[in-house]
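Undergrad: One structure follows; several queries about it will come next.
The values are calculated or read from the model by the stated rules, or taken from the named source; none is laboratory data. Nothing here was measured: the structure is a model prediction, and the numbers come from that model. Glycine also receives a Cβ, built like all others from the backbone with ideal geometry; neighbour counts cover every protein chain displayed.
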């Protein structure tokens, strides 16, 4: 009798121990989303702390289930012992034989249960294998409400979260050709050094795409400036505005026929187009001249710029170039041609290509950067390298001024810059060049409050606001260009 009781006790202890091992091993982490939300990216430490009690609670439930099952097994074993006691009344010799057999069976059963514990039907998981997603999730009521912050903008490439802290180091090294190739020359700026703050992991799983908190500034902290040169006696004061709409027809593509002709996705970021309806990577003078337009007065010119995105959205989350978010269409597009402070302007040649800004200024340096970020009602405050945070009721403005001193011969150049350059500080064109109407693009956007938007960019530029840029090709009819020049030189507003 004593040997049977000892064997039953050993069996019970083995079953209880196996249930505890099952509960300890079977533990899975919280289910993670498929992207790095700007707010969620900063909540990972708190989320992990909040979810830990829930995981412990789940493990406790598993332990309770294992103990209940163990108690059931103990009851079954007690019934077996009762049957064995009835059989003992048949003879002492038979009892001794049964005792020996039961000892051997109980010993073997204990060994088997230590190797494969009965976990109530729950299979053990290899700790080295990734957890399954059928573990109990933390109740939403216990999870903290995410705060709208801009610690990082990114997209999850795996399960763990991490953030990077950029260390901008502006460089004056400039690649004169900022074409469509995605591998810039020059020293990198800003660089991003990884500093994981999420749930950890052997390797970084979440690539930060930018922008970063220091890429934003309150418009009221931007100093007022006056970048317009004073118009002299021989200057031209007039303006002409080409009305081309706001791209309601959805003309978008990631091409750039000026800097990367014939290359699909040559820009590695999406462009908004107004004006010419056919513009893509394969556009030619002939195709542009034959196409329709969204502009009035027969202006078939093409005007384009990188789109702005609401980064709170998960739209386009699988984009290999990291341009994530919902595209924001401008509320207004003003395409104004202006005069020169020191001289009259001459007609620009048809099919001339002009670009402004540097799409790779974050790594090339700022020599060709011409970004201008502002807010409606604060146009005298323009930030060249920060996204602006505007008061309620004020719209974000992108102001892009184009070069306007033409060499008098070429409609393009190898680096797409030397055939048309900017005036000097006094507004006069350099010697050997002639003033042509200067295009100023002003794009107005209604954006969500806070640091929640970014311009499309090459992947390595991390959506730095200094990379904003614009492109233009003149396809105006000759008579329309003559009218534009007349308006500007006569001081009219057309």
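Undergrad: Considering only residues of segment 281-306 that are without any contact (Cβ under 8 Å) to a residue 60 or more places away in the chain and surrounded by fewer than 16 Cβ atoms within 10 Å (Cβ to Cβ), which is nearest to residue 447 (Cα to Cα)?
TA: Across segment 281-306, the extreme among qualifying residues is 296.
Undergrad: Quick check: anything in segment 436-455 at positive phi and either over 21 Å from the mean Cα position of the chain (by Cα) or part of a strand (DSSP E or B) (or both)? Please lay out each step first, then the result.
TA: So the first thing to find is which residues in segment 436-455 are at positive phi, and the list is 450.
If we keep only those that are either over 21 Å from the mean Cα position of the chain (by Cα) or part of a strand (DSSP E or B) (or both) as well, we get none.
No, segment 436-455 contains no residue that is at positive phi and either over 21 Å from the mean Cα position of the chain (by Cα) or part of a strand (DSSP E or B) (or both).
Undergrad: Quick test for you: out of 314, 321, pick the one residue that is in a loop (DSSP other than H, G, I, E, B), buried (at least 17 other Cβ atoms within 10 Å of the Cβ) and at pLDDT below 95.
TA: Working: 314 fails: buried (at least 17 other Cβ atoms within 10 Å of the Cβ).
From the options 314, 321, the qualifying one is 321.
Undergrad: Can you find, within segment 236-278, the residue that is surrounded by the most Cβ atoms within 10 Å (Cβ to Cβ) among those that are assigned to a loop (DSSP other than H, G, I, E, B) and in contact with a helix residue (DSSP H, G or I) (Cβ under 6 Å, 6 or more places away or on another chain)?
TA: Taking segment 236-278 as the starting set, the residues that turn out to be assigned to a loop (DSSP other than H, G, I, E, B) are 236-238, 243-251, 254-270, 277-278.
Filter again for in contact with a helix residue (DSSP H, G or I) (Cβ under 6 Å, 6 or more places away or on another chain), leaving 236, 238, 243, 278.
Details: 236: 24, 238: 20, 243: 13, 278: 18.
Only one residue tops the list, namely 236.
Here's the yes/no breakdown for (1) modelled with pLDDT under 95; (2) touching a helix residue (DSSP H, G or I) at 6+ places or on another chain (Cβ under 8 Å); (3) within 20 Å of residue 341 (Cα to Cα):
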residue: 363; (1), (2), (3): no, yes, no
residue: 404; (1), (2), (3): no, no, yes
residue: 425; (1), (2), (3): yes, no, yes
residue: 429; (1), (2), (3): no, no, yes
residue: 439; (1), (2), (3): no, no, yes
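Undergrad: Going by the conditions given, is residue 463 surrounded by fewer than 24 Cβ atoms within 10 Å (Cβ to Cβ), at positive phi and either under 35 Å from the mean Cα position of the chain (by Cα) or assigned to a helix (DSSP H, G or I) (or both)? Break it down stepwise before answering.
TA: On the way: surrounded by fewer than 24 Cβ atoms within 10 Å (Cβ to Cβ): no; at positive phi: yes; either under 35 Å from the mean Cα position of the chain (by Cα) or assigned to a helix (DSSP H, G or I) (or both): yes.
Answer is no for this residue.
Undergrad: If residue 309 satisfies all but one of (1) surrounded by fewer than 23 Cβ atoms within 10 Å (Cβ to Cβ); (2) out of contact with any helix residue (DSSP H, G or I) (no Cβ under 9 Å at 6 or more places or on another chain); (3) in contact (Cβ under 8 Å) with a residue 24 or more places away in the chain, what's the number of the condition it fails?
TA: Of the numbered conditions (1) surrounded by fewer than 23 Cβ atoms within 10 Å (Cβ to Cβ); (2) out of contact with any helix residue (DSSP H, G or I) (no Cβ under 9 Å at 6 or more places or on another chain); (3) in contact (Cβ under 8 Å) with a residue 24 or more places away in the chain, the odd one out for residue 309 is (1).
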